[in-house]
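Working notes, structure below.
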Amino acid sequence: MSQLNSSPHDMTDKRVVITGGGSGIGADMALGFANAGARVTIVGRRREALEAVAAKQAGIEIRVADVTNEAAVVGLFATLGKVDVVVANAGAAESAPLEKTELDQWQRMLDVNLTGVFLTLREGLKHLDSGGRLLAVASTAGLKGYAYVGAYCAAKHGVVGLVRALAQETAQRGITVNALCPGFTETPLLEASIDSIVDKTGRNAEQARAHFTRTNPTGRLIQPADVTATALWLCSPGSEAITGQALSISGGEI
Ligand SMILES: NC(=O)c1ccc[n+]([C@@H]2O[C@H](COP(=O)([O-])OP(=O)(O)OC[C@H]3O[C@@H](n4cnc5c(N)ncnc54)[C@H](OP(=O)(O)O)[C@@H]3O)[C@@H](O)[C@H]2O)c1
C-alpha cells in the first residue's frame with residue numbers, strides 16, 4: 001500500500017507507466033496509482049526491486065529496462081501499446097564540486113536525469129491517447145541551484161525546459177505535460193546523499209539529515225506520498241488546464 005492510504009482519485013483501467021518504480025518516489029507512486037484502480041507498469045534495471053514492489057499490490061507489472069538505452073525504451077513502449085499516463089521518474093544524484101566533476105560523471109547525470117526523461121516522454125507520447133498525461137519527476141534542483149551538484153542541477157533544469165516546450169506541442173491534443181519538483185525527499189537516493197556527506201565531511205548521519213531538513217520551511221523531509229498525491233491530482237479530472245508547469249513540492253522551499 002502507498003503511504004497515501006486512501007485515494008480520492010479514480011484511476012480505474014488507466015494504463016500507467018512509471019520509470020524508476022522499484023524504489024522511493026516511483027514505488028510509492030506505483031502503489032498509489034494501483035490503489036486507485038490503475039494498471040501500472042514499473043520500469044527499472046533491478047528486477048528484484050521491481051518484483052518486491054509488484055508483490056505488495058495487485059495491478060502492478062514489471063519491465064526491466066535502462067532508460068538511457070534508446071532501443072530499450074523504444075522496445076518497452078512498443079510492447080505496452082496504448083497508455084494513459086507516463087511518469088518519467090528514474091534518476092540518480094551524484095555530487096562533486098564543479099572543478100572536480102569529471103566528464104564521465106557529468107555525462108552519467110545527463111544520461112539518466114535528462115536523456116532518460118527525453119526518451120521516456122518521446123516514446124510515451126507516441127503511445128498516448130488524447131487526454132493523456134505526461135509527468136517528469138524533476139526536483140527543486142530544476143528550479144534553483146545547490147552547491148556540489150552542478151551536473152544534477154543542470155540536468156533537472158533541462159527537464160523543466162523540456163516539459164515547458166513539450167507542453168506547447170501537445171496542448172491542442174489535450175495532453176498535459178508537467179514537472180514535479182520535490183524538495184529533499186525521504187528515499188534511498190537521499191539516504192545515499194546522507195552517507196556521502198558523512199564520508200566526505202566527517203559529520204554524523206543526524207547532522208547530515210538535519211542539513212536537508214533545514215532547507216524545508218516546514219522543518220521536515222518531503223515524503224514520497226506528497227509527490228504521489230500531486231501526481232494523482234494532475235492525472236484526475238479538473239487538472240486539464242494545468243500544463244507546462246514545474247510544481248514545487250517542497251514545503252515552501254522555493
Ligand atoms: N530523494 C530526493 O530528495 C529527491 C528530490 C527531488 C527529486 N528527486 C528525483 O526523484 C526521482 C526518484 O528518485 P528517488 O528519490 O525515489 O530515488 P531512488 O529510490 O534511488 O529511485 C530512483 C529509481 O530510478 C531507477 N533508475 C536509476 N537509473 C535508471 C536507469 N538508467 N534506468 C532505469 N531506471 C533507473 C532506480 O532503479 P534501478 O537502480 O533498479 O534502475 C530507482 O528505482 C529521481 O528522478 C530523483 O532525481 C529525488
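The values are calculated or read from the model by the stated rules, or taken from the named source; none is laboratory data. Given the structure is predicted, the values throughout are model-derived calculations rather than measurements. Cβ placement follows ideal geometry from the backbone for every residue including glycine, while neighbour counts extend to all protein chains displayed. Side chains are part of the model used for accessible areas, which takes the heavy atoms of the whole protein and leaves out ligands, DNA and RNA. Shrake-Rupley method; radii C 1.70, N 1.55, O 1.52, S 1.80 Å.
Where residues in segment 224-234 are open to solvent by less than 50 Å² (accessible area, probe 1.4 Å) and more than 10 Å from the ligand (Cβ to nearest atom), which of them is nearest to D10 (Cα to Cα)?
Looking at the filtered set, the residue picked out is L232.
Restricting the search to segment 39-61, which residues are closer than 23 Å to A138 by Cα and touching a residue at least 24 places away in the same chain (Cβ under 8 Å)?
Those that are closer than 23 Å to A138 by Cα and touching a residue at least 24 places away in the same chain (Cβ under 8 Å): V40, T41, I42, V43, G44, R46, A49, L50, V53.
Yes or no, residue by residue, for (1) in contact with a Lys or Arg (Cβ under 7 Å, 6 or more places away or on another chain); (2) more than 16 Å from the ligand (Cβ to nearest atom); (3) in contact (Cβ under 8 Å) with a residue 12 or more places away in the chain; (4) not in a strand (DSSP E or B):
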residue: G91; (1), (2), (3), (4): no, no, yes, yes
residue: D104; (1), (2), (3), (4): no, no, no, yes
residue: T120; (1), (2), (3), (4): no, no, yes, yes
residue: A141; (1), (2), (3), (4): yes, no, yes, yes
residue: A165; (1), (2), (3), (4): no, yes, no, yes
residue: Q168; (1), (2), (3), (4): no, yes, yes, yes
residue: C181; (1), (2), (3), (4): no, no, yes, no
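When you look at V159, is it open to solvent by less than 40 Å² (accessible area, probe 1.4 Å), more than 10 Å from the ligand (Cβ to nearest atom) and touching a Leu at 6+ places or on another chain (Cβ under 7 Å), yes or no?
no
How many residues, within segment 94-127, are among the acidic types (D, E) and within 30 Å of A78 (Cβ to Cβ)?
Final tally of qualifying residues: 2.
Which members of segment 6-40 meet the condition of being within 14 Å of the ligand (Cβ to nearest atom) and assigned to a loop (DSSP other than H, G, I, E, B)?
Within segment 6-40, G20, G21, G22, S23 qualify.
Among the residues of segment 49-73, count how many are within 20 Å of the chain's Cα centre (by Cα) and within 21 Å of M109 (Cα to Cα).
Going through segment 49-73 one residue at a time, the tally reaches 9.
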